[in-house]
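**Q** One structure follows; several queries about it will come next.
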Amino acid sequence: MNFIKRQILDEREEQLTNKAGMEAFSFLMTSNLIFYIGSIFIHSGKVYTQLFLFSSLIAVLYFLERCRRLGANYFNSFTFTIWGVMAMTALVTVVILVQNFQVNHAIYQNNPLHAKFLVVIPITFLIYLPIMIVFNLILEIVGKWQKVRFEKYLSDLEDES
């Protein structure tokens, strides 16, 4: 079961993207560990998802900037398969539901199997599924545009020779 469909145009570019991705992932894991330990000591064992989402956002922005500085195109490297879209939608749904349960635990009577809470799960999933599909379509359009741009660049190099 594949979640990501890769479109590799240039192996050097893939290596540079992997390098930037590894640096961003290292930053993400380090910051998540620091935030986790800080949450345990400061908030008496309560872990807040906002810190992890914030560090994920910073890691993504770092990845994009690092790819730009290395001269690698990061948009043409992947799109999601239908399973990837479903997994990303499920991840977004879980993050929203965890936050919802933390804020409204009195309404759900401290029971994650409460009927009101269980009804919200498919509704949230169905609300965010079209958003993820549109996001995936945008990734595909940008990937095709980058491929045409790369082929034009290669033909310009051949014409100069």
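**Q** Skipping prolines and chain starts, which residues have an amide H placed within reach, meaning under 5 Å, of the one on Phe78, given they are 5 or more residues away or on another chain?
**A** Correct list: Gln7.
**Q** Would you calculate a helix-derived [θ] at 222 nm for the chain, using -39,500 (n - 2.57) for each DSSP H run of n ≥ 4 and dividing by the full residue count, to the nearest 500?
**A** Details: 4 runs with 122 residues, N = 161.
For the chain, the value works out to -27500 deg cm²/dmol.
**Q** Using the Kyte-Doolittle scale, which helices in the chain average at least 1.0 and also have C-alpha atoms spread 20 Å or more along the helix axis, with helices defined as whole DSSP H runs? It would help to have the intermediate numbers written out before the result.
**A** Numbers: long enough: 11-42 (45 Å, 0.29); 49-70 (31 Å, 0.91); 82-103 (32 Å, 1.76); 115-160 (68 Å, 0.81).
Correct list, ordered by number: 82-103.
**Q** Take the Cβ-Cβ distance between Phe3 and Tyr153 as r, set R0 to 30 Å, and report the resulting FRET efficiency rounded to the nearest 0.05.
**A** Numbers: r = 30 Å, r/R0 = 0.98.
Efficiency at R0 = 30 Å is approximately 0.50.
**Q** In whole percent, what relative contact order does segment 4-160 give with Cα contacts below 8 Å and a gap of six or more residues?
**A** Details: 109 pairs, mean separation 46.3, N = 157.
So the answer I get is 30 percent.
**Q** Full extension from Trp83 to Ile131: what is 0.36 nm times the residue separation minus their Cα-Cα distance, to one decimal in nm?
**A** Values: separation 48, 0.36 × 48 = 17.28 nm, distance 1.49 nm.
Working it through step by step, the gained length comes to 15.8 nm.
**Q** Would you mind pulling out the separation of the Cα centroids of segment 103-149 and segment 21-60, in Å?
**A** That distance is 22 Å.
**Q** Can you list residues whose amide H is under 5 Å from Ala72's amide H, if they're 5+ apart or on another chain and H is modeled 1.01 Å from N?
**A** none
Laboratory data are not the source of any read-out in this text; all were calculated from the coordinates shown. Model, not experiment: these values are computed from the prediction. Because the Cβ atoms are built from the backbone with ideal geometry, glycine has one as well, and the counts that use them run over all protein chains shown.
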